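**Student:** Right, I'll just put the structure down here and ask away after.
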Amino acid sequence: MNLKGRDFITLLDYTSEEINYLINLSARLKKEKYDGKPHKHLEGKNIVLLFQKDSTRTRCAFEVGAMDLGMGVTYLGPSGSQMGKKESIKDTARVLGRMYDGLEFRGYLHTDVEQLAEHAGVPVWNGLTDMYHPTQILADFLTVKEEFGKLEGIKFTYVGDARNNMGNSLMIGSAKLGMHFTAVAPRELWPEQTLVEHCQEIAKDTGATINFTEDTMQGTKDVDVIYTDVWVSMGEPKDVWHSRIKQLSDYQVDSAMMNNAQPKAIFMHCLPAFHGDDTDVGMQIANEFHDEYPRVKNGEMEVTDEVIESTQSRVFPEAENRMHTIKAVMLATMSDDYE
Ligand code: CP
Ligand code: NVA
């Protein structure tokens, strides 16, 4: 398997074999890290991280991953560079591509990361756009594989805003890897029909199934994984909270939903999550809406505190796996001599 020079923009660009290879390479790098075995295979190289939106996990995963591989890292935040203000994306790509060996981008428009990839001349990795979040899926699937020993045939249910970057990317990943994906959401929050049809085409070759339902009990019955994400994503205006809570408060992941899944089912979330009274934003929203929507009390929104703190929750190992999987993506796309 040689992925040297490839961008990592969406899982649609990768075959099932390539995705499985990246997940297996991540597991290997994770073991090496746990065993204290150095793996500075990219010593002397440098990468730059371009963030138009906030991040904890993705930024730190790229930084630690790069340092473990022996690389230097520059971080450019939402207000730290000329990009998109006095300088076009295209020019930024052509400048940074001459200084760095790889570029990570987190932003709004998916076309921006595509443009960077077109002009940088070095690998470009998508750290999240409004449309896709592909590095997250590798971490999620590594976590599922660690739990169940396989991905093919796993019943994976996503509950919530199914047409956001996470809903889209989990559906694509599931289609590619032969999983049984179900999105549980009100119809108006199902993914775009063209993407659904594309995934259904992919599924014909892999044995995957792609299903949609508005019924939370039907969609979570006997499944292996229940996954959710925030109801309002970065970049969406604050005033969508009211309508989104109205659409999704009945879709909050709670113990009744978990008990409807198979007894060994796990709960997953890409994080950050609103699950308790210890975030300012969560409390502000809960206080504003809990009279009308009692489920959003005490800062609990997409998931209850009970579920995220339960023994079924895998959210923290999942977050750690961001680092091992992002490291694998960098190594595989920057080097051709790593077996
Ligand atoms: N899951 C995820 O991408 O987290 P951050 O926004 O903290 O990077
Ligand atoms: N859908 C979320 C994912 C965060 C990792 C967002 O875009 O804000």
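The values are calculated or read from the model by the stated rules, or taken from the named source; none is laboratory data. Predicted model only: the values in this text are computed from it and were never measured. Note that we place each Cβ from the backbone using ideal geometry, even for glycine, and neighbour counts take in every protein chain shown. Ligands, DNA and RNA are stripped out before the accessible areas are found, and what is left, the full protein with its side chains, is counted by its heavy atoms. Shrake-Rupley method; radii C 1.70, N 1.55, O 1.52, S 1.80 Å.
**Student:** Run the numbers on the chain and let me know its relative contact order in percent, using alpha-carbon pairs under 8 Å that are six or more apart.
**Tutor:** 21
**Student:** On to the next question. If you find the alpha carbon centre of the range 246-262 and of the range 153-176, how far apart are they in angstrom?
**Tutor:** Each part reduced to its Cα centre gives a spacing of 16 Å.
**Student:** Using label points projected 7 Å from each Cα along Cα→Cβ, tell me how many nm separate residue 82 and residue 236, to one decimal.
**Tutor:** Distance between the two pseudo-spin positions: 3.6 nm.
**Student:** Moving on. So between residue 187 and residue 284, what do we pick up on full extension, going 0.36 nm a residue minus the alpha carbon distance?
**Tutor:** 32.1 nm
**Student:** Something else about it: Tally Lys/Arg at +1 and Asp/Glu at -1 over every other residue whose Cβ is under 12 Å from the Cβ of residue 26; what's the total?
**Tutor:** Here the charged neighbours net out to +3.
**Student:** Only Lys, Arg, Asp and Glu count, each charged at its Cβ (+1, +1, -1, -1), so figure out the dipole size of the range 145-269 about its Cα centre, rounded to 20 debye.
**Tutor:** Its charge dipole is roughly 140 debye.
**Student:** From the alpha carbon gyration tensor of the range 90-147, can you work out the equivalent ellipsoid semi-axes (sqrt of 5 times each eigenvalue) and give them in Å, largest to smallest?
**Tutor:** 26, 13, 6
**Student:** So, one more: If I stretch the segment between residue 277 and residue 316 completely, what's the gain in nm (0.36 nm per residue apart, minus their alpha carbon distance), one decimal?
**Tutor:** 12.1 nm
**Student:** Next question, about the same structure. So how much slack lies between residue 336 and residue 243, counting 0.36 nm per residue of separation and subtracting their Cα-Cα distance, in nm?
**Tutor:** In short, 28.6 nm is gained.
**Student:** Which one of 78, 120, 41 has its Cα pushed farthest toward the positive end of the charge dipole of the range 1-151, where Lys and Arg give +1 and Asp and Glu give -1 at the Cβ?
**Tutor:** 41
**Student:** Which lysines have a Cα lying under 21 Å from the Cα of residue 86, excluding residues fewer than 8 positions away in the same chain?
**Tutor:** Straight-line reach from residue 86, under 21 Å: 53.
**Student:** Same structure, new question: Can you give me the % of accessible surface on the chain that is carbon or sulfur? Probe 1.4 Å, all protein chains present, nothing else counted.
**Tutor:** 48
**Student:** At a temperature of 20 °C and a viscosity of 1.002 mPa s, determine how fast the range 97-227 diffuses translationally according to Stokes-Einstein, using the Kirkwood radius over alpha-carbon pairs as Rh; express D in µm²/s, rounded to the nearest whole number.
**Tutor:** The estimated diffusion coefficient comes to 138 µm²/s.
**Student:** Please work out the average accessible area per residue across the chain, using the 1.4 Å probe convention, and give it in Å².
**Tutor:** Accessible area per residue, the chain: 43 Å².
**Student:** What is the sum of charges around residue 313, taking Lys and Arg as +1, Asp and Glu as -1, for the other residues whose C-beta is under 12 Å from the C-beta of residue 313?
**Tutor:** -4
**Student:** Something else: Using the 2.2 N^0.38 Å rule of thumb for compact globular proteins, work out how the chain stacks up: its C-alpha Rg over that value, please.
**Tutor:** 0.97
**Student:** Please report the equivalent ellipsoid semi-axes of the range 245-339, computed as sqrt(5 x eigenvalue) of the Cα gyration tensor, largest first, in whole Å.
**Tutor:** Taking √(5λ) for each Cα gyration eigenvalue gives 33, 17, 11 Å.
**Student:** If you don't mind, there's one more thing I want to ask. Starting at 0 and stepping by 5 Å, how many percent of the alpha carbon pairs of the range 283-339 end up in each bin?
**Tutor:** Taking every Cα pair in the range 283-339, the percentages come to 4, 16, 14, 11, 11, 11, 9, 8, 7, 4, 3, 1.
**Student:** Between residue 200 and residue 292, what is the spin-label point distance in nm, taking each point 7 Å from the Cα along the Cα→C-beta axis?
**Tutor:** Result: 3.5 nm between the two label points.
**Student:** Can you give me the solvent accessible area of residue 188 with a 1.4 Å probe, rounded to the nearest 10 Å²?
**Tutor:** 110
**Student:** Net charge near residue 264: determine it from the other residues with C-beta under 12 Å of the C-beta of residue 264, scoring Lys and Arg +1 and Asp and Glu -1.
**Tutor:** Taking every Cβ under 12 Å from that of residue 264, the sum is -1.
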